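Remarks on the structure that follows.
Just so you know, all these numbers are worked out from the coordinates, no wet-lab data involved. Please read all numbers here as calculations on a predicted model, not as lab measurements. Neighbour counts run over all protein chains shown; Cβ positions are idealised from the backbone, glycine included.
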Amino acid sequence: MDHVRISKRLSFVLRHRPDSAGLTLDDAGWVDVDELLTALGAHGLRLTRAELEAVVAGNDKQRFAFDETGTRIRASQGHSVAVDLGYEPATPPAELFHGTVDRFLASILAEGLRPGRRHAVHLSPDVAIARTVGGRRGRAVVLRVDAARLAADGTRFTRSANGVWLVDAVPPGYLAIT
Ligand code: HQG
């Protein structure tokens, strides 16, 4: 079983295109596990419940979560479809980091960080993770976000189940190149 391939397919279905497997997510992004397994099977990815659990448990970024009863599953963040994940507002650490690449810098420094096609801007508490995120697109540039001041000035922060900090936007005045 190729965990990475399955994880990518789960991300695609649970974050972006549930319709590609004939599924609909509820308002908070959840889908019934049995329905998911049946739908994936009908669309060429046969998977047992135990295999799904192994992929979820072993996932490098803990991208997916079961609900308390194990009946439903969702992606913990990263959606482009409309969902309200329902995370409570939280106080961020003083500094957070965002990984990007050189070619976006002029625009980011002019207009700040924007969520693009996702729901939120993704920030990391860890420089190394931010470097990896930026590195998906080329040579990484890591921006430091003055999260303490941004929060004090009224921006709402939430933290996903897998430790990603989410905000609507970061204006340029709160950013510095590391
Ligand atoms: C950039 C992956 C121009 C931003 C990763 C980024 C992460 C701007 C890109 C998660 C901009 C958006 C999210 C502006 C932001 N002008 N460019 N004003 N504001 N950008 O993929 O943060 O493996 O939506 O710097 O590891 O790269 O999928 O966001 O380069 O955790 O679980 O626009 O996705 O996680 O790209 O990545 P994305 P991201 P998974």
statement: Those residues of segment 32-52 which are assigned to a loop (DSSP other than H, G, I, E, B) and either acidic (Asp, Glu) or surrounded by 15 or more Cβ atoms within 10 Å (Cβ to Cβ) (or both) amount to Leu45, Leu47
- request: Return the residue satisfying two criteria in turn: it lies in segment 117-141 and is over 16 Å from the mean Cα position of the chain (by Cα) and in a loop (DSSP other than H, G, I, E, B), and of such residues it is farthest from the ligand (Cβ to nearest atom).
  value: Arg139
- request: Determine if segment 30-38 includes at least one residue that is of a type in the set (Phe, Trp, Tyr) and more than 16 Å from the ligand (Cβ to nearest atom).
  value: yes
- prompt: Scanning for something exposed (fewer than 15 other Cβ atoms within 10 Å of the Cβ) and closer than 30 Å to Trp30 by Cα, does segment 97-108 turn up at least one residue?
  reply: no
message: Just to be sure before I move on: is Ala82 away from the ligand (no atom under 15 Å from the Cβ) and under 18 Å from the mean Cα position of the chain (by Cα) in the structure I sent?
response: yes
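Taking the condition of being more than 10 Å from Gly112 (Cβ to Cβ) and surrounded by 15 or more Cβ atoms within 10 Å (Cβ to Cβ), how many residues in segment 158-177 meet it?
In the first step, residues of segment 158-177 are kept if they are more than 10 Å from Gly112 (Cβ to Cβ); the result is 158-168, 176-177.
Next cut, surrounded by 15 or more Cβ atoms within 10 Å (Cβ to Cβ) only: 158-162, 164-167.
Adding up the residues that qualify gives 9.
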message: When you scan segment 86-94, do you find a residue that is near the ligand (Cβ under 9 Å from one of its atoms), more than 16 Å from Ala176 (Cβ to Cβ) and either touching a Pro at 6+ places or on another chain (Cβ under 9 Å) or not in a loop (DSSP other than H, G, I, E, B) (or both), even just one?
response: no
Pick from segment 1-29, criterion in contact with a helix residue (DSSP H, G or I) (Cβ under 8 Å, 6 or more places away or on another chain) and without any contact (Cβ under 8 Å) to a residue 40 or more places away in the chain, ranking: nearest to the ligand (Cβ to nearest atom): Phe12
- request: Residues being near the ligand (Cβ under 7 Å from one of its atoms) and in contact with a strand residue (DSSP E or B) (Cβ under 6 Å, 6 or more places away or on another chain): count how many of those fall in segment 102-114.
  value: 2
